[in-house]
1. Please go through segment A:23-55 and give me each residue that is farther than 28 Å from A:Tyr222 by Cβ and more than 12 Å from ligand 1 (Cβ to nearest atom), ordered by number.
2. Quick test of your reading of the structure: B:Leu37 fulfils all but one of (1) farther than 30 Å from B:Met168 by Cα; (2) modelled with pLDDT of 95 or more. Name the failing condition by number.
3. Search segment A:1-15 for residues that are on the phi < 0 side of the Ramachandran plot and pair each with any residue that is assigned to a strand (DSSP E or B) and within 16 Å of ligand 2 (Cβ to nearest atom) when their beta-carbon atoms are under 6 Å apart and the residues are at least 6 apart or on different chains.
4. Looking at segment B:266-287, which of the residues that are under 21 Å from B:Gly73 (Cα atoms) and either open to solvent by 50 Å² or more (accessible area, probe 1.4 Å) or free of Cβ contacts under 8 Å to residues at least 24 places away in the same chain (or both) is nearest to the other protein chains (Cβ to nearest Cβ)?
5. Can you tell me which residues in segment A:45-57 are open to solvent by 30 Å² or more (accessible area, probe 1.4 Å) and not aliphatic (A, V, I, L, M)?
6. If you take the residues of segment A:59-89 that are of a type in the set (Lys, Arg) and surrounded by fewer than 21 Cβ atoms within 10 Å (Cβ to Cβ), which of them is farthest from ligand 1 (Cβ to nearest atom)?
7. Scan segment B:154-169 and tell me whether some residue there is touching a helix residue (DSSP H, G or I) at 6+ places or on another chain (Cβ under 7 Å) and more than 30 Å from B:Met96 (Cβ to Cβ).
8. Quick check on segment A:174-197: of everything there that is crowded, with 20+ Cβ neighbours inside 10 Å and assigned to a helix (DSSP H, G or I), which residue is farthest from ligand 1 (Cβ to nearest atom)?
Amino acid sequence: MSYLNFQALGKQFGDFVAVHDMNLSIDRGEFISFLGPSGCGKTTTLQMIAGLLTPTTGKIFLDGVDITETPANKRGLGIVFQSYALFPHMTVTENVSFGLEMRGIAKTERLERCRDTLAQVRLEQFSDRYPKELSGGQRQRVALARALVIEPPVLLLDEPLSNLDAKLREEMRIELRLLQQDIGVTTILVTHDQEEALSMSDRIVVMQEGEVSQIAAPLELYERPASTFVSHFVGKTNLVQGQVTALNEVGINETRLKVDTGQRAPGMAVQISIRPEKFIMSTEEPGLKVYVETAIFLGASWLYRVNGSLGELFVTQPNTGSARYTKGDTAWLSWQEGSLTLFEEHA
Amino acid sequence: MGGVNTRLAPYFLTAPGIVFFVALLGAPMLMTFLLSLHSYDFNTGIQSDWTFANYIEVLGDSYFQKIFGRTFGLALLVTVICVLIGVPEAYILSKMSSRWRSIFLLVVLGPLLISVVVRTLGWALLFGGKGLLTMISQALGFGDAPVSLMFTFTGMTIALVHVLVPFMVISVWASLQKIDPQSEDAGYCLGASKLTVLRRITLPQAMPGILSGSIIVFALTASAFATPAIIGGRRMKVVATAAYDEYLSTLNWPLGAAIAVLLLVANVVIIASYNKLIERRFAKVFE
Ligand SMILES: Nc1ncnc2c1ncn2[C@@H]1O[C@H](COP(=O)(O)OP(=O)(O)OP(=O)(O)O)[C@@H](O)[C@H]1O
Ligand SMILES: [Mg+2]
């Protein structure tokens, strides 16, 4: 049964539609990500859930109760803001215990719960510091502890990792996901980082200009994007224009590719998407003949830009310990059946 | 080669400013201080001796003690009232929509564009025996006796608050601008009511502005001259007007100088210790 539910949720600022007709149902304990480019309405949606913005249309249900009109301070949801929004004039402990204090919990219990939560985010030894005296990652964890200590029914995270450096961000992803699974709190994460969404979520809601483009589990989203926008935004992809030439055959210039064309009639303009890592690159035929234009070493893998009858393509290959292709080399590309995704031109 | 130049550059660059200050502020202050160490004779004028007699006289005389007490009492009262008026004013301003905000900021700060003397004379018109206040009280049937706030402590307080409240508003406004509005949102989401957020989250963060605004208002009140001179007059002297009278009426310049020096010292001591207190309290909290 769904725990958090939006029905036709929408928000308008004057004439501008920030979020349009959003329907979503989230299960208890689920980790959902809102993924989309800047300005697509992720924060707006999150703030409507938190009660900081009033929706112009639609309703929000939490555990079967309509909370659309409930003010923020009665909803009791945990929220971590992008800027963390810690209280600068309070110590870490005071920050974390604020929510408990508002719930009228006695001091001894408050301190105990603060200590437990701070231990969960590994900040015990910083409890008497002020936010100013903490690093970015530590502040982020205080913000998390402050949201978690009240044992909220839903945890809302607005790009909580975006202010951290790359390495810390990766560590925190894993830490956050483990913590969430531990506690079992229903969580919504807002992010524009597709890797973050893919690695942490049970399901991802891809948003574009205030509308939901696709809702799917990470693997499905990656393998079967519903539109060229999703395929572009989630992971890297090569998009080539072509035309259906026969059943299960698409022509691109003079090249014929085998793709599942479904019911589409010959002559229809389509786009083919293929992910860079799906290519198998070989120094021998058979395959699609290409010339290597650039070879970029990425550590675990190589990124090649190649040119051939399909135009310019990006190809990634695992690093096997030697530089196999350099600029000017000829190579042959092949791929496994089912690696290609077909979109109608204006999908 | 550049070593000496780089080391001296700051001195050269600040030299014009330093010369300006030494000539126009340092020198007169030093001269005032030296003047205060001479004694004065009503027949022969300023003597060439060196003595602390003036200081002893000011500090020991209950007449001057009363004036000093009145001045700092006034400064304290005006500061408190400015906090009570200015803080809510700045808070309301910060919550207004941007169009109304710019209009009201102009209204609040507008009085600063008018000379203190003109504004104070305006109050004198209201306060005087035939002023608006009297007319209202007579119209309301409180008897025919003129109600005058001229030459009263209340009158001075009202006029000074009016003159100085914009400084408090600016100062508090500046620190309210620095508050992350999301920290208030965080407060609501954690279950705090509007009032609790204001009391526990917004106000403490505005504290540095309130405190620095208080310093400004206190210092300006303690050394105010024009408003006390017009509203308080001879009957309600403060330190600044007392020093002025010693100089220009009694012609006892050394005594006037001693009063001026004592006012400066008292002001510096009060403000510096207050500042120290703030720094110790807030150093860890705000950058
Ligand atoms: N108070 C407001 N008044 C008018 N327009 C607004 C307001 N708040 C947001 N918007 C607009 O609504 C759209 C969505 O904003 P939102 O903050 O939800 O974006 P976002 O998806 O969170 O983007 P980002 O990733 O940059 O944070 C934006 O185009 C923004 O300009
Ligand atoms: Mg946002």
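The values are calculated or read from the model by the stated rules, or taken from the named source; none is laboratory data. Note that the coordinates shown come from a computational prediction; the quantities given were computed from them, not determined experimentally. A quick note on method: Cβ atoms are made from the backbone with ideal geometry, for glycine too, and the neighbour counts reach across all protein chains shown. All accessible areas refer to the heavy atoms of the entire protein, side chains included, with ligands and DNA or RNA removed. Shrake-Rupley method; radii C 1.70, N 1.55, O 1.52, S 1.80 Å.
1. A:Ala50, A:Gly51, A:Pro55
2. Of everything listed in (1) farther than 30 Å from B:Met168 by Cα; (2) modelled with pLDDT of 95 or more, B:Leu37 misses just condition (2).
3. Partner pairs satisfying both residue conditions: A:Phe6/A:Met22; A:Leu9/A:Met22; A:Gly10/A:Val19; A:Lys11/A:Ala18; A:Lys11/A:Val19.
4. B:Leu277
5. Restricting attention to segment A:45-57, the residues satisfying the condition of being open to solvent by 30 Å² or more (accessible area, probe 1.4 Å) are A:47, A:52-54, A:56-57.
Listed by number, the residues that qualify are A:Gln47, A:Thr54, A:Thr56, A:Thr57.
6. A:Lys74
7. Checking segment B:154-169: at least one residue is touching a helix residue (DSSP H, G or I) at 6+ places or on another chain (Cβ under 7 Å) and more than 30 Å from B:Met96 (Cβ to Cβ).
8. Taking the candidates together, the pick is A:Gln180.
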